[in-house]
Amino acid sequence: MAVADSFSGRRAVRRPTGIQLLKNDRFLKALRRQPVDRTPVWLMRQAGRYLPEYRALREKAGSFLDLCQNPEWACEITLQPLERFDLDAAILFSDILTIPDAMGLGLHFIPGEGPNFHHPVRDRAAIDALGVPDPMAELKYVSDAVSLIRRELDGRVPLIGFAGSPWTLATYMVEGGPSKNYVHLKSLMYNDPAALERLLGKLAEAVTAYLNAQIAAGAQAVQIFDTWGGVLTPEQYRRFSLAYMRQIVAGLNTGDGEVPVILFTKGGGMWLEAMAETGASALGLDWTIEIGEARRRVGDRVALQGNVDPAILHARPQVIREAVGQVLAGFGSGNGHVFNLGHGVTPEVPPEHVGALVDAVHELSAPYHQAEP
Ligand code: CP3
């Protein structure tokens, strides 16, 4: 059937998110726990400083934020790892901190230290003063990048959109930057939990609108990065992180599951059952849990994404291959596995090691997907 695409100006006969438009739909099928021929693989931070072509473009652009805010550059960087490696998905090149930046906190990056805000949010007055950014105004550059990337991908692989969880965004907004002990945020949590809940509620609203804008622009799956949910007690995790992610999942225009939602809480291995009840299609796992155990606990309800130790990319290709084999065997035969690292690729990794990992996933996974006799 001829399929016109909505970007060419012709009338779209299918929504741009449709799986039918894709040349490689392994990733979306695995997220829906449908059969595939090979385990699909993509890597958190697959675009970034470990690639010389990324460093060259960043040099030209001047800064990381300039790269994010220019849709042509963001598109080019999104596609860079796909030129080198046989990846089954692309992820929008952007950052979780675009939302607090659009809220007026003054995002900037300090070399060797990471993201920082000129105006951290530390008390109720500052929280009350925060507005919820309009994704089609302050953050329009993100939707523009998504549309452009979809056009340039031309159905090669699906595009993943993303945002940070409210709790994880709050860690940066309240601390003012990366933190070891979260002194300011945890003080706020214990001394004025209602103020923190007000902040998290605003962020949940902002993230929902932002992800819906990415979906409207063409994101075919979305991931919520809850990088710092694991620093909470179980009760706090449910109250200050999971509750807001559940609210976001409920508010997303997923077209009845057509756009899968992946929840990734780093350090969340002990809470998988609760995460599986949020309505998300898939859970991202870090490397501190065995994927086989995770599958036994929640694999009948959600797909699983992960979870080789990202540090494996510093090892020799043969060692990388063995580690890939272990994760594949840990998940075992059948549907519902998306291969990934347990966290992002780090800047020191040799690019050819990423290639060795991606190829090993495809080569070694075929036997796990043979049709049942
Ligand atoms: O996965 C991808 O390829 C998409 C791109 C992506 C980036 N940031 C690009 C980036 C994604 C998905 C993110 C999410 C993000 N950003 C998270 C959640 C995921 C995670 O890693 O836990 C967090 C916590 C952030 C905040 C942030 N932005 C940090 C901690 C840093 C690193 C600072 C440093 O100096 O290492 C950034 C900057 C950043 N985001 C870079 C990239 C490629 C490095 C920018 C550069 O120096 O060129």
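Determine, yes or no, whether residue 255 is under 19 Å from residue 31 (Cβ atoms) and either among the aromatic types (Phe, Trp, Tyr) or touching a Phe, Trp or Tyr at 6+ places or on another chain (Cβ under 9 Å) (or both). No; evaluated as a whole, the condition is false for this residue.
Residue count for the range 110-137 under the criterion of being among the aromatic types (Phe, Trp, Tyr) and touching a Ser or Thr at 6+ places or on another chain (Cβ under 7 Å): the result is 0. Scanning the range 66-91 for residues that are without any contact (Cβ under 8 Å) to a residue 40 or more places away in the chain, within 11 Å of the ligand (Cβ to nearest atom) and farther than 25 Å from residue 135 by Cβ returns a single hit, 80.
State whether the residues of the range 92-114 include one that is of a type in the set (Gly, Ala, Ser), within 11 Å of the ligand (Cβ to nearest atom) and out of contact with any Pro (no Cβ under 9 Å at 6 or more places or on another chain). Checking the range 92-114: at least one residue is of a type in the set (Gly, Ala, Ser), within 11 Å of the ligand (Cβ to nearest atom) and out of contact with any Pro (no Cβ under 9 Å at 6 or more places or on another chain). Looking across 55, 122, one residue alone is in a loop (DSSP other than H, G, I, E, B) and more than 20 Å from the chain's Cα centre (by Cα). It is 122. Scanning the range 179-193 for residues that are over 16 Å from residue 122 (Cβ atoms) and within 16 Å of the ligand (Cβ to nearest atom) turns up at least one hit.
No lab work stands behind these numbers, since they all come straight from the coordinates. Quantities reported herein were computed from a predicted structural model and do not represent experimental measurements. Cβ: placed from backbone, ideal geometry, glycine included. Neighbour counts: every protein chain shown.
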